[in-house]
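Working notes for the structure below.
The values are calculated or read from the model by the stated rules, or taken from the named source; none is laboratory data. None of the values given here were measured: they were computed from a predicted structure. Here the Cβ positions follow ideal geometry from the backbone for every residue, glycine too, while neighbour counts run over all protein chains shown.
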Amino acid sequence: MAMFTAPGAYDRAITVFSPDGRLFQVEYALETVKRGSTVMGIACPEGVVLAAEERSTSRLQDPEFSWKIFQIDEHVGAAISGLSSDARILINQARIYAQGNRLTYDELADIEVLSKRVGDIKQMYTQHAGVRPFGVSIIFGGVDKGGSKILQTDPSGAVWAYKAVSVGSGNEAVKETLEQKYTDELTLDEAIQLAVECLSKVVEGKLDPEKIKIATIPADTRKMTRLPDQEVAKYIRTMAS
């Protein structure tokens, strides 16, 4: 007599393959990312831009505490979409690796290697009992000896390199704009303007600097800088004019 396995047997705490080759726990984690804030990264010859949609849950919340953009080292940052609590653990691991690389080799961490290290941690959590996948995608962006880099990791542990990329709930609208307007010759200023234009399509209500956060890593300095609200407001006004 043939054995019958209920569909729910592949839909529990342990991550195992279903008969049709699916990992439901990983798919649920990816769905969490799809419901998260929209974040994006753009690489150009003059540097890298990381941008994020910021959603305030209360007017009493401190807006400076809930950034979706984190600094890993002076030359690399990360934008996250999904569970912030999961992201915090991975961001700390990335920082530890970056600082360890400085202490061991006296040089800045390679952004591709750093991204793959985080991807390795994510992948490990898809194949052990008693744990669940990390419900977060992270876009790493920065400038190393190889130039401007944008890499994305997803809950499965996969790592991809991009010229420009977006994840989160507004991913499709942003991707459409990027495919239409991204060019390899963008200046850093143009990349910032493009990021503002992309996020303007997904931000709810009136577009203002409190809803868009931007960080840049210029190729000439290799130092991450968060743009103040006043400067973001200038790009919003330029787009509207």
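The figures follow:
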| quantity | calculated |
| --- | --- |
| In region 125-180, residue farthest from VAL33 (Cα to Cα) [restricted to those that are acidic (Asp, Glu) and in contact (Cβ under 8 Å) with a residue 40 or more places away in the chain] | ASP144 |
| Candidates SER166, SER148 - the one that is under 18 Å from the mean Cα position of the chain (by Cα), surrounded by 14 or more Cβ atoms within 10 Å (Cβ to Cβ), within 26 Å of SER85 (Cβ to Cβ) and of a type in the set (Gly, Ala, Ser) | SER166 |
| Single unsatisfied condition, ILE96 versus (1) modelled with pLDDT of 95 or more; (2) surrounded by 13 or more Cβ atoms within 10 Å (Cβ to Cβ); (3) outside any strand (DSSP E or B) | (2) |
| Some residue of region 12-31 being buried (at least 22 other Cβ atoms within 10 Å of the Cβ), in a loop (DSSP other than H, G, I, E, B) and not polar (S, T, N, Q) | no |
| Residues that are buried (at least 18 other Cβ atoms within 10 Å of the Cβ), out of contact with any Lys or Arg (no Cβ under 9 Å at 6 or more places or on another chain) and aliphatic (A, V, I, L, M), drawn from region 102-136 | LEU114, VAL118 |
| Flag if GLY36 is touching a Phe, Trp or Tyr at 6+ places or on another chain (Cβ under 9 Å), touching a residue at least 24 places away in the same chain (Cβ under 8 Å), surrounded by 14 or more Cβ atoms within 10 Å (Cβ to Cβ) and not hydrophobic (A, V, I, L, M, F, W, C) | no |
| Which listed residue is closer than 22 Å to ILE212 by Cβ and surrounded by fewer than 24 Cβ atoms within 10 Å (Cβ to Cβ), from ILE139, ILE69 | ILE69 |
| Checklist (1) under 14 Å from THR177 (Cβ atoms); (2) of a type in the set (Lys, Arg); (3) at pLDDT 95 or above applied to ARG222, failing item | (1) |
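Conditions (1) touching a Phe, Trp or Tyr at 6+ places or on another chain (Cβ under 9 Å); (2) of a type in the set (D, E, K, R), marked per residue:
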| residue | (1), (2) |
| --- | --- |
| VAL174 | no, no |
| THR177 | no, no |
| TYR182 | no, no |
| GLU185 | no, yes |
| GLN193 | yes, no |
| CYS198 | no, no |
| ILE212 | yes, no |
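Here's the yes/no breakdown for (1) at pLDDT below 95; (2) within 22 Å of PRO133 (Cβ to Cβ); (3) small (Gly, Ala, Ser); (4) in contact with a Lys or Arg (Cβ under 8 Å, 6 or more places away or on another chain):
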site	(1), (2), (3), (4)
LEU50	no, no, no, no
GLU64	yes, no, no, no
PHE70	no, yes, no, no
SER85	yes, yes, yes, no
ILE91	no, yes, no, no
